[in-house]
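Worksheet for the structure shown next.
Bear in mind these aren't lab numbers, they're just calculated from the coordinates by the rules spelled out. This structure is a prediction, so every number in the text was calculated from the model and none was measured. Note that each Cβ is placed from the backbone with ideal geometry, even for glycine, and that neighbours are counted across all protein chains shown.
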Amino acid sequence: MRFKAMILAAGRGERMRPLTDSRPKPLLMAGSRMLIEHQIIRLAQAGFNDIVINHAYLGEMIEHALGDGRRYGVHILYSPEHVVLETAGGIANAMPLLTDTNTNSGRPFLVVNADVYCEFDYARLLPVLQTLLRGNADRLAHLVLVDNPAHHAAGDFALNDGTVEMTGGKQLTFSGIGVYHPVLFNGVAPGQPEKLAPLLRAAITQQKVTGEYFSGVWEDIGTPERLLQLDRQLIEKHE
């Protein structure tokens, strides 16, 4: 069974100004490719050939730059947002493109951030997607957690034998890579802004969120300085 992936690309990128004054953050260059291209290529390599991308700020530039995805070996559909819908709102708005049926029993999907550079193998999440598909919403999400970067030293969640908890162990940072069951978004009205974190916290309290730890390369490209650092690293690697 083929599963779909979504790339979140609707952010304004205020902290990246002035670089984002005339171009959306996902189109900024890192090495020889745009930030979002790194994600698309890794998704394609893992077998995620159907990709949904949401956009808002300068979104037409994203569509023009990426097209239908044919040159990457994928099929891209776009979910434009006319107001900022936040993460959960953006996902709920794109739900008709992500799952074949209604949100009560639809197919789970992968979501990644456009402004994260990560060398995680997305194929590792295919068995997780299969498990969520068979689970009748016993599990609502699976998160990839990483070590806390300097700019987010407190972390987000703890991981205990594969279960994500609010506390109770070493705090780790949510990487922006997650697998979700559509039921998680049942209470989110399409077209209404809503953040993802409260939905995750509620599901974690119900012990319906699993996770895994990734110790490899992961960078949150939130400032021009971090982008420059990544650009230098990738140029040295000829990527």
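Only four residue types carry charge here, +1 at the Cβ of Lys and Arg and -1 at the Cβ of Asp and Glu. Report the dipole size of the chain about the Cα centre in Debye, rounded to the nearest 20.
Charge dipole, the chain, about its Cα centre: 280 debye, nearest 20.
Have a look at 169, 67, 178 and tell me which one the Gaussian network model of the chain (Cα, springs below 10 Å) gives the largest fluctuation.
Of 169, 67, 178, the most mobile in the Gaussian network model is 169.
Quick one: which of 154-167, 220-233, 26-39, 7-20 comes out on top by average Cβ neighbours within 10 Å, and what's the full order, highest first?
Top of the packing list down: 26-39, 7-20, 220-233, 154-167.
Assuming R0 = 25 Å, can you tell me the calculated FRET efficiency for the pair residue 12 and residue 45, based on Cβ-Cβ distance, to the nearest 0.05?
Using R0 = 25 Å, I get an efficiency of 0.25.
Compute the relative contact order of the stretch 47-117 as a whole-number percentage, counting only Cα pairs closer than 8 Å that sit 6 or more residues apart in sequence.
29 percent
Given the DSSP H assignment, sum -39500 (n - 2.57) over each helix run of at least 4 residues in the chain and divide by its residue total; what's the result at 222 nm in deg cm²/dmol, nearest 500?
Mean residue ellipticity at 222 nm (helix-derived): -7500 deg cm²/dmol.
Quick check for you: which residues of the stretch 200-220 have the amide N under 18 Å from the point 7 Å beyond the Cα of residue 167 toward its beta carbon?
Zone members listed by number: 201-207.
Structure shown: which of 170/208; 25/237; 208/237; 4/195; 4/170; 4/25 lie over 29 Å apart, alpha-carbon to alpha-carbon?
Distance filter (> 29 Å) returns 208/237; 4/170.
With an 8 Å cut-off on Cα pairs and a minimum separation of 6 or more residues, tell me the relative contact order of the chain in percent.
Relative contact order comes out at 25 percent.
Show the residues, 5+ positions off or on another chain, whose built amide H is closer than 5 Å to the amide H of residue 75.
Counting only residues 5 or more places away or on other chains, the set is 50, 51.
How are the C-alpha pair distances of the chain spread across 10 Å bins, as whole percents from the shortest bin up?
Values per bin, smallest distances first: 8, 33, 40, 18, 2.
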